[in-house]
Amino acid sequence: MANSSVLESDVDAPGTVSGEPDAVGLYLGEIGQYPLLDRDGEIFAWQHDPEAIGGGEYTFFDDELSAALLDYSRAVTVRLDLRTHAATLIRSDNQPEGLIAAVMGNAQTTRNGDLFVGWGSLPYISEFSPSGKLLFNAELPVGISTYRAYRLPWTPGV
């Protein structure tokens, strides 16, 4: 069985289904220090929904509530170096209103390289360009939240 990333609701790092750790579990779940810092000193904690995007890079949703290390939630892209056991922050797209999601959330890399983010318990969805420019930001009706939000092709009437 191939390794699959798993995230339990009360932990701050992904693990694996099989007995051997995958790259995400090995580098983000077993470092043993908290908070995690990348080589540039950026804080990285309380990640959710790891998504492999290729080339050793992964996206994560960083809700920041439990850690209270930053004043906002964000979606991050990290590169994992299997040789040096380092996680390097490649990109950080912050919640546009500067809010913190209490729970949940995800980040989806689209075919054109944009990043579509569901802000979990916050009633927002956003899309960022590869350069980090905010392309789209919508506030959902009161009482609506997203566990996971995805941007998919839609053909009306089909």
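Here, each number is a calculation from the coordinates, and none is a lab measurement. Keep in mind that this is a model prediction, so the values were computed, not measured. Using ideal geometry, Cβ is built from the backbone for each residue, glycine included, and neighbour counts are taken over all protein chains shown.
Highest mean packing comes first when the peptides 95-108, 134-147 are listed by Cβ atoms within 10 Å, giving 95-108, 134-147. Note on residue 136 and residue 71: with the Förster distance fixed at 25 Å, the Cβ-Cβ geometry gives a FRET efficiency of about 0.65.
Packing, as the average of other Cβ atoms within 10 Å across residues, places the peptides 116-126, 70-80 in the order 116-126, 70-80, highest first. A straight chain from residue 97 to residue 79 at 0.36 nm per residue would run longer than the Cα-Cα distance by 3.8 nm.
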